[in-house]
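Colleague: The structure that follows is given in the form of structure tokens.
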Amino acid sequence: VGHVRVRVDLSTQGYDVVIGEGARRELRGVVRTAAPRAQLAVIVTTHEIAHQSWFDIDPGVATERVIVPDGEAAKRLSVLETVCGEFARHQLSRADVVVTVGGGAVTDLGGFAASVYARGVGVVHVPTSMLAQVDAAIGGKTAVDLAAGKNLVGTFHQPGGVICDTETLATLPARERLSGLGEIAKCLLLDGVDADDAARMSDEELIVRAITLKARIVAADERDDGQRALLNYGHTLAHALEVEQWGRGVGDLRHGEAVAIGVSFAVRLARRLGRVSDDVVRAHDGVLDALSLSHRLDDDVDVAALLDAMGRDKKAHHNLTFVLAGSGGFDVVAGVDPVVVRDELMRFREAG
Ligand SMILES: NC(=O)c1ccc[n+]([C@@H]2O[C@H](COP(=O)([O-])OP(=O)(O)OC[C@H]3O[C@@H](n4cnc5c(N)ncnc54)[C@H](O)[C@@H]3O)[C@@H](O)[C@H]2O)c1
């Protein structure tokens, strides 16, 4: 059946993202395009994923499977070493291909392993969480975590293809779905989609829309400098919230849930700075509500700790940076006064 294809146009070689119900059945063709001489595919996945009813993954060549820990625990240098050892044991060659199947943790770790094993082998991602479909698997960033922080060691390694099968999302836990919707809401807002349109869109339409935006931005800016920074909309507060929660040892806010709170705050900060009117704040709230995302700060959140984390994030204690809406679109705004941010955060928390 007709699956949607979104092209990611890169200076070197671009690739297609295939999206739709049952899109995983196109894996053979995608592997043939990505790695025409492949005789072996090594699937990197987790037990939890491999046991799902939809897990019938056929790369069309001889297949081996490497199992990694589920969730963030996959993103460790020790796991990277184990996975590369398994690649060697299976005699994976540079003509062969790695296929990742799972959430963003699996696509990040598997993409990293593919980028460094034998100085780089091809990879095809089959992201199975909504967040991985719209974000982690697109754009070529890979990483593992260190004790000192998330994603501190990684590479850029563009996949040869990406398959987003919406059927796999049927088994996704509700919180993980919200996490994906948070990143999607960010994309819709960057793209100027209004609440009525957002409310009318099916999951597949939402995913296609978000991927199309990310593909456009990544094509314009393969590495992280200009435009790509706009994808960090909502992330100044989101990252700070993740750090603050981790510091208090509370909460289990998923990344996209934090992003929903982050964009809700960012538009209020933009209003405070005179960049946008109340209408724009209402429009943001409308889109977030349309996707059933809660976007308020809990009243036990420590505002001072958030400010601390924001400063640390960009190594600039007196110079906070936000992506902010303005009259002519979105801008990366540096040098936002921490006193104003603090005050706006207090209001935001009280309004919650
Ligand atoms: N490389 C990038 O550009 C980029 C962008 C965004 C996020 N990330 C990374 O992605 C990771 C987060 O990804 P995530 O939110 O997918 O988390 P995750 O990979 O930890 O997956 C979350 C949970 O959902 C489960 N799951 C996934 N698909 C499922 C399905 N179809 N059915 C049932 N369960 C399923 C997973 O097994 C896991 O338990 C983070 O490590 C983050 O740093 C990377």
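Colleague: Being in contact (Cβ under 8 Å) with a residue 60 or more places away in the chain and away from the ligand (no atom under 16 Å from the Cβ) is the filter; apply it to the range 82-113 and report the residue that is nearest to residue 141 (Cα to Cα).
Modeller: 97
Colleague: Report yes if some residue within the range 225-232 is assigned to a loop (DSSP other than H, G, I, E, B) and not β-branched (Val, Ile, Thr); otherwise report no. Even if it seems obvious, please write down each step before you answer.
Modeller: Within the range 225-232, the subset assigned to a loop (DSSP other than H, G, I, E, B) is 225-226.
Going one step further and asking which of them are not β-branched (Val, Ile, Thr), we end up with 225-226.
Yes; the residues of the range 225-232 include at least one that is assigned to a loop (DSSP other than H, G, I, E, B) and not β-branched (Val, Ile, Thr).
Colleague: Between 256, 247, which is in contact (Cβ under 8 Å) with a residue 24 or more places away in the chain, in a helix (DSSP H, G or I) and more than 15 Å from the ligand (Cβ to nearest atom)?
Modeller: 247
Colleague: Ok, one more. Return the residues of the range 197-224 that are within 24 Å of residue 281 (Cβ to Cβ) and in contact (Cβ under 8 Å) with a residue 24 or more places away in the chain; say none if nothing qualifies.
Modeller: Across the range 197-224, the qualifying residues are 198, 199, 206, 209, 210, 213.
Colleague: Output the residue which, of all residues in the range 212-224 that are outside any helix (DSSP H, G or I) and out of contact with any helix residue (DSSP H, G or I) (no Cβ under 7 Å at 6 or more places or on another chain), is surrounded by the fewest Cβ atoms within 10 Å (Cβ to Cβ). Don't jump to the end; show me each part of the working.
Modeller: Taking the range 212-224 and keeping what is outside any helix (DSSP H, G or I), we get 221-224.
Right, trim to out of contact with any helix residue (DSSP H, G or I) (no Cβ under 7 Å at 6 or more places or on another chain) and you get 222-224.
Values: 222: 18, 223: 11, 224: 13.
It comes out as 223.
Colleague: Something else: List every residue pair whose Cβ atoms sit under 8 Å apart, with the two residues 6 or more apart in sequence or on different chains, where the first one lies in the range 125-139 and is over 22 Å from residue 25 (Cβ atoms) and of a type in the set (Val, Ile, Thr) and the second, anywhere, is near the ligand (Cβ under 7 Å from one of its atoms) and part of a loop (DSSP other than H, G, I, E, B).
Modeller: Going by the 8 Å Cβ cut-off, there are no qualifying pairs.
Colleague: Hey, residue 228 hits all of (1) more than 13 Å from the ligand (Cβ to nearest atom); (2) surrounded by fewer than 24 Cβ atoms within 10 Å (Cβ to Cβ) but one; which does it fall short on?
Modeller: (1)
Colleague: Specify which of the listed residues (331, 300, 279) is under 23 Å from residue 227 (Cβ atoms) and either surrounded by fewer than 17 Cβ atoms within 10 Å (Cβ to Cβ) or of a type in the set (Lys, Arg) (or both).
Modeller: 331
Colleague: I'd like to know if the range 143-163 contains one or more residues that are near the ligand (Cβ under 9 Å from one of its atoms), outside any strand (DSSP E or B), in contact with a His (Cβ under 8 Å, 6 or more places away or on another chain) and not hydrophobic (A, V, I, L, M, F, W, C).
Modeller: No, because not a single residue in the range 143-163 is near the ligand (Cβ under 9 Å from one of its atoms), outside any strand (DSSP E or B), in contact with a His (Cβ under 8 Å, 6 or more places away or on another chain) and not hydrophobic (A, V, I, L, M, F, W, C).
Colleague: Let me ask something additional. Scan the range 114-139 for residues that are part of a helix (DSSP H, G or I), more than 8 Å from the ligand (Cβ to nearest atom) and touching a His at 6+ places or on another chain (Cβ under 8 Å) and jot them down.
Modeller: 114, 115
Colleague: Among the listed residues 175, 209, identify the single one that is in a helix (DSSP H, G or I), more than 16 Å from the ligand (Cβ to nearest atom) and in contact with an Asp or Glu (Cβ under 9 Å, 6 or more places away or on another chain). Working first, answer last.
Modeller: Details: 175 fails: more than 16 Å from the ligand (Cβ to nearest atom).
One residue alone meets the criteria, 209.
Colleague: Out of the residues in the range 265-276 that are touching a helix residue (DSSP H, G or I) at 6+ places or on another chain (Cβ under 6 Å) and crowded, with 22+ Cβ neighbours inside 10 Å, which is nearest to residue 174 (Cα to Cα)?
Modeller: 265
Colleague: Would you mention how many residues in the range 79-135 are surrounded by 23 or more Cβ atoms within 10 Å (Cβ to Cβ) and among the polar types (S, T, N, Q)?
Modeller: 5
Colleague: Which of the residues that make up the range 243-258 are more than 15 Å from the chain's Cα centre (by Cα) and among the small types (Gly, Ala, Ser)?
Modeller: Scanning the range 243-258 gives 247, 249, 251.
Colleague: Any idea which residue in the range 24-63 is farthest from the ligand (Cβ to nearest atom), counting only those that are closer than 23 Å to residue 88 by Cα and hydroxyl-bearing (Ser, Thr, Tyr)?
Modeller: If we take residues in the range 24-63 being closer than 23 Å to residue 88 by Cα and hydroxyl-bearing (Ser, Thr, Tyr), then 63 is farthest from the ligand (Cβ to nearest atom).
Colleague: Quick check on residue 241: is it in contact (Cβ under 8 Å) with a residue 60 or more places away in the chain and part of a helix (DSSP H, G or I)?
Modeller: The answer is yes for residue 241.
Colleague: Considering only the range 278-311, state which residues are within 18 Å of residue 191 (Cα to Cα) and either part of a helix (DSSP H, G or I) or without any contact (Cβ under 8 Å) to a residue 40 or more places away in the chain (or both).
Modeller: Of everything in the range 278-311, those that are within 18 Å of residue 191 (Cα to Cα) and either part of a helix (DSSP H, G or I) or without any contact (Cβ under 8 Å) to a residue 40 or more places away in the chain (or both) turn out to be 279, 280, 281, 282, 283, 284, 285, 286, 287, 288, 289, 290.
Quick note: the coordinates plus some simple rules give every number you see, no bench work behind them. Remember, predicted model here, so these are calculated numbers, not experimental data. So basically every Cβ, Gly included, is an ideal-geometry build from the backbone, and we count neighbours across all protein chains shown.
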